[in-house]
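Input: a single structure, listed below in structure tokens.
What follows draws every value from the coordinates through simple rules; no lab data is involved. As the structure is a prediction and not an experimental result, all values here were calculated from the model. Cβ placement follows ideal geometry from the backbone for every residue including glycine, while neighbour counts extend to all protein chains displayed.
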């Protein structure tokens with residue numbers, strides 16, 4: 001799967017659904033699933049050095065000053081795993097990506113989310 005490394009605080013905002021637009025100085029023709037990885041930079045209160053979720057690049061729009069807005073949709077949480085980040089888009093083996101099983105999913109305001117025990121088991125231990 002294509003992957004993108006993002007600073008931990010922004011990766012966390014994508015993970016929690018707060019951030020649905022990623023701003024970049026470059027564009028890509030790629031549209032589809034994207035593994036969001038938090039960079040290894042240690043930031044208090046955030047996960048670093050791990051893949052944290054999958055989103056879909058739905059569209060990319062050019063803004064002023066050669067900036068691009070990547071529209072991220074279809075957020076899916078995964079079991080986080082360590083990733084060594086790279087610049088630009090890079091590939092991560094699909095076999096490393098594990099989605100929650102149905103018993104670990106719940107609906108929250110009409111959207112799928114993970115249960116509290118899943119969050120506590122897989123995400124909370126990684127928060128710096």
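Miscellaneous remarks
- Identified option (computed Rg and Dmax of the Cα atoms in Å; candidates (1) 14.3, 46; (2) 16.0, 56; (3) 13.9, 41): (1)
- Full-extension gain in nm, residue 96 to residue 108, via 0.36 nm per residue minus C-alpha separation: 1.7 nm
- The spread of Cα positions in region 1-65, taken along each principal axis and listed from longest to shortest, comes to 33, 28, 19 Å.
- The distance from the alpha carbon centre of region 1-16 to that of region 51-128 is 7 Å, rounded to a whole number.
- Sites residue 23 and residue 116, calculated FRET efficiency, Cβ-Cβ separation with R0 25 Å, nearest 0.05: 0.20
- Sequence ranges 86-95, 3-12, ranked by mean other-Cβ count within 10 angstrom, highest first: 3-12, 86-95
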